1. Given the chain, what count of lysine pairs have C-alpha atoms under 25 Å apart, with each pair 8 or more places apart or on different chains?
2. Taking every pair of alpha-carbon atoms in segment 133-199, what share in percent sits in each 10 Å bin, from 0 to the bin with the longest distance?
3. Can you list, largest first and rounded to whole Å, the semi-axes you get for segment 124-241 by taking the square root of 5 times each eigenvalue of its Cα gyration tensor?
4. Calculate the radius of gyration of the Cα atoms of the chain to one decimal place, then report Dmax, the largest Cα-Cα distance, as a whole number, both in Å.
5. Rank Gly62, Gly88, Gly293 by mean-square fluctuation in a GNM of the chain with C-alpha springs under 10 angstrom and give only the top-ranked residue.
6. Relative to the compact-globule scaling 2.2 N^0.38 Å, provide the ratio for the alpha-carbon radius of gyration of segment 40-168.
7. Just to be sure I follow: if Rg is taken over the C-alpha atoms of segment 255-337 and Rh is the Kirkwood radius over the same atoms, what is Rg/Rh?
8. Principal axes first, then extents: for the Cα atoms of segment 88-129, list largest minus smallest coordinate on each axis, whole Å, largest first.
Amino acid sequence: MTLLSRRAVALAPLAALPLFAIRTRPAHAAEFSYKFANNLPATHPLNIRANEAARRILDATGGRVEIRLFPSSQLGSDTDTLSQLRSGAVELFTISGLILSTLVPPASINGIGFAFKDYGQVWPAMDGKLGGFVRAEIAKRGLLAFEHIWDNGFRQTTTSTKPIVSPADFAGLKLRVPVSPLWTSMFKALGAAPVSININEAYSALQTHLADGQENPLAVIDTVKFYEVQKYCSLTSHMWDGYWLVANRRAFDRLPADAQEIVAREMNRGALDQRQDVALLNSTLQDKLAKAGLAFNSVETAPFRDALKAAGFYSEWRGKYGEEAWGILEAATGGLG
Ligand code: X2X
């Protein structure tokens, strides 16, 4: 036998196999398998509803599109994950508009201190003109933001030292804030000493007193277990924060049109479901957290707003966002000083 014919014999059984049998991917594997990263524990409604949406997407696409959730900053801090999203290493990511503002500056606008009074103002604005404005800005930087923003919530302040009752209580407080210029600016204007730390390191920062306080919605205070390392919870409701679900544009464009539609539809539905869960939690968690040891106090917010005004906070940020954006915000919230 010549070398050639021996090789032909060796290859013959392979050649006889039907084509699908020599594919490297197992027959059940999805055609598109995308990673969805976020910074919240698996127990938070964002992950519960995103998981449900992922299951619906797998079903509705006949198994072609699989979305795998990576909760609790498993793929890295928010700052790292944003780079991975841009490079395409991660395809989907829910990120606070305020943190996204490190790439898309106008995306922090909903976080202006004491702008939104309640959800009755938040959702029409974020599903309407203000959200539309921010999504267009996100698109300019090459990312795709889905239509409905997911809820994080109105943020409350916890400390291990003393309750926050008046603005003077912030004086010198080492307050953990997420990594975003708006957060730092706002708490400096209130006299605190903000320390920028991603959420995946916030618990240990409080435990070791690198920071003595932090601020987050009750659903995060609960699921991240901040009550284990904090004593007081002051209901400052100082800003509303939400998570844009953003996709790497190239990854989204690779999906066939019908799959794109299914992903958008189911994720948007997930956001609407999740908003209801978070609203319910934020209005009912106080009892549970009090039993877990947090001492709650309510706060009169007008003096905080006045302190921000006196420090020039509103005029500074109005200048940064520009008149168009500021006008859209004030049309939704009323005048801001
Ligand atoms: O980092 C935080 O505090 C969090 C979880 O609320 C955000 O993602 C902004």
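1. 28
2. Percent of Cα pairs in each bin: 18, 37, 27, 17, 2.
3. Working: eigenvalues 158, 45, 40 Å².
In descending order, the three semi-axes are 28, 15, 14 Å.
4. 23.6, 95
5. With Cα springs under 10 Å in the chain, the top fluctuation among Gly62, Gly88, Gly293 is at Gly62.
6. Working: Rg = 16.8 Å, N = 129, 2.2 N^0.38 = 13.9 Å.
Against the empirical 2.2 N^0.38 Å value, I get 1.20 for segment 40-168.
7. On the way: Rg = 20.0 Å, Rh = 17.3 Å.
A ratio of 1.16.
8. Projected onto the principal axes, the Cα atoms of segment 88-129 cover 38, 18, 15 Å.
Bear in mind these aren't lab numbers, they're just calculated from the coordinates by the rules spelled out. Model, not experiment: these values are computed from the prediction. Neighbour counts are summed over all protein chains in view; Cβ atoms, including those assigned to glycine, are modelled from backbone coordinates with ideal geometry.
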